[in-house]
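Below is one structure, written out as structure tokens; comments come after it.
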Ligand code: MEV
């Protein structure tokens, strides 16, 4: 039997603009994870995903099924026939909340299958396999989710380029608050694309400004300039609202976090629901956490970037 896990992720700066070649920053979130167990059995491959109440045979799944496609493509990559094993998937990453649940399942699956088959796949190979599956989940993914999750380190990401890691001069703490609203990335990315098509110059300018924030944020993180980061997050949230990807729930949580003393707060991921992130410190994080719960968050996770 082989077991492997992969973390969730949050986007600190640059969601959506990153689909259109502007830079973005994402970090892994180890407090939530997808775990995949691969076990021997004689016969056709069985997939068991109790969290989504699904149990099915690989041969019954079509090419649009992300889990089945990751199993087939990983086996093809490793030159092994997909047979004589069971795949069991469990995850503590809520689905459609901007935390990378789909990419984490793909990465954990690639790792567990490679280990079960006694083969090695590099993080880049796992990342590439997971990217193909992201296309099934999202349509036109930038690749940031599979990259930050496969490499499990902070990334400064520009689509189509080798992702860069960067120095974190001062530890940063983020409260991650779930609005409780599921928001499939594919739908929001599609809406932003339609909005871009109908007002190209306005949206290109918004994306440029978001990209500039991601660049400035990288410099601030590298130089330990925490005071600069909060205002950059607030500005990113303002631009997200102009793109039409915020929501009442997101606005309530960002305002609650700021009133309770967060340095900055914004949506993270596709928006319209999902999670809000707030930059906190040792002094404020308890108060911000309570304020987020009082404002309607269904749960709050605190993660630290060292
Ligand atoms: C999703 O986590 C981030 C988006 O920018 C989509 C993508 O980059 O593929 C909304």
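List of remarks:
- Among the residues examined, residue 28 qualifies as under 30 Å from residue 213 (Cβ atoms) and under 13 Å from the mean Cα position of the chain (by Cα).
- Scoring residue 139 on the criteria (1) within 10 Å of the ligand (Cβ to nearest atom); (2) modelled with pLDDT of 95 or more; (3) more than 12 Å from residue 123 (Cβ to Cβ) leaves a single failure, condition (2).
- Segment 221-235, residues that are within 14 Å of residue 262 (Cβ to Cβ) and in contact (Cβ under 8 Å) with a residue 60 or more places away in the chain: 232, 233
- Counting only strands (runs of 3 or more DSSP E) wholly contained in segment 1-91, the ones carrying 3 or more residues that are touching a residue at least 60 places away in the same chain (Cβ under 8 Å), within 16 Å of the ligand (Cβ to nearest atom) and surrounded by 23 or more Cβ atoms within 10 Å (Cβ to Cβ) occupy 2-13, 24-40.
- Of the residues in segment 34-47, none is out of contact with any strand residue (DSSP E or B) (no Cβ under 8 Å at 6 or more places or on another chain) and closer than 13 Å to residue 133 by Cβ.
- Residue in segment 93-104 that is over 25 Å from residue 166 (Cβ atoms) and either surrounded by fewer than 16 Cβ atoms within 10 Å (Cβ to Cβ) or away from the ligand (no atom under 16 Å from the Cβ) (or both) present: yes
- When each of 10, 52 is tested for being closer than 18 Å to residue 94 by Cα and at pLDDT below 95, the lone residue that passes is 52.
- Single residue of segment 272-287 satisfying the filter (in contact (Cβ under 8 Å) with a residue 60 or more places away in the chain and in a loop (DSSP other than H, G, I, E, B)) that is farthest from residue 242 (Cα to Cα): 282
- Any chance residue 104 is modelled with pLDDT of 95 or more and over 27 Å from residue 240 (Cα atoms): no
- Taking segment 155-177 as the range and being within 15 Å of the ligand (Cβ to nearest atom) and on the phi < 0 side of the Ramachandran plot as the test, the residues that pass are 155, 156, 157, 158, 159, 161, 163, 176.
- Failed item, numbered, when residue 154 is tested on (1) within 25 Å of residue 305 (Cβ to Cβ); (2) free of Cβ contacts under 8 Å to residues at least 40 places away in the same chain: (2)
- Residue match in segment 111-122 (condition: within 17 Å of the chain's Cα centre (by Cα) and under 29 Å from residue 41 (Cα atoms)): no
The values are calculated or read from the model by the stated rules, or taken from the named source; none is laboratory data. What you see is a predicted model, and the numbers here were worked out from it, not measured in a lab. So basically every Cβ, Gly included, is an ideal-geometry build from the backbone, and we count neighbours across all protein chains shown.
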